[in-house]
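Taking it in order: structure first as structure tokens, then the write-up.
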Amino acid sequence: MTTEQKDRIAEMRRQGCTYAKIAETLSISENTIKTYCRRTRLNEDNLKAALVCKLCGNPIEVKDKHRARQFCSDKCRAAWWYANRGNKPRTEYHLTCANCGKPFVSAGNKARKYCSHKCYIAARFGDGGHE
Ligand SMILES: [Zn+2]
Ligand SMILES: [Zn+2]
């Protein structure tokens, strides 16, 4: 196996490809790949632990174990959000608040009744309010 093939195996495993799929793609026998993965510990547990960027597939450096990161950099995160926002633009609904009567804009939700959480609480629990 060449270094390039080894890199490809690791990469494809991280992307969730099966041994069969990798074998087919790289024209290497499935058993060779299985053995290689076992030896290099590219097994399921390791793959789960190895986070990769949702956009570019680069491994993510995990600094804070409690907060899972999805992107390798701020640049990738911004690009991903930009791309996904472009896919489904949200309709803006111009509505009138059922509590204060002021017009407000709701993105993607036609059923919104109040301009703010404050108005929702006021309408629901009465103006005097329970603090
Ligand atoms: Zn990235
Ligand atoms: Zn309101």
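The values are calculated or read from the model by the stated rules, or taken from the named source; none is laboratory data. Quick caveat: nothing in here was measured; it's all calculated off a predicted structure. Cβ coordinates were reconstructed from backbone atoms using ideal geometry, including for glycine residues, and neighbour counts include every protein chain displayed.
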Exercise. Being closer than 22 Å to K54 by Cα and touching a helix residue (DSSP H, G or I) at 6+ places or on another chain (Cβ under 6 Å) is the filter here, so list the residues in the range 20-33 that pass it.
Key: I22
Practice problem: Would you check if there is a residue in the range 96-111 being touching a Phe, Trp or Tyr at 6+ places or on another chain (Cβ under 9 Å) and in contact (Cβ under 8 Å) with a residue 24 or more places away in the chain? | Solution: yes
Quiz prompt | From the options A83, A49, A20, residue that is modelled with pLDDT of 90 or more, of a type in the set (A, V, I, L, M, F, W, C) and loosely packed, with under 12 Cβ neighbours inside 10 Å | solution = A20
Quiz item: Do you know which of the residues in the range 1-17 that are within 14 Å of N58 (Cα to Cα) and among the basic types (K, R) is modelled with the lowest pLDDT?
Solution: R14
Quiz prompt | Of all residues making up the range 108-131, the number that are surrounded by 10 or more Cβ atoms within 10 Å (Cβ to Cβ) and either more than 30 Å from the chain's Cα centre (by Cα) or at pLDDT 90 or above (or both) | solution = 14
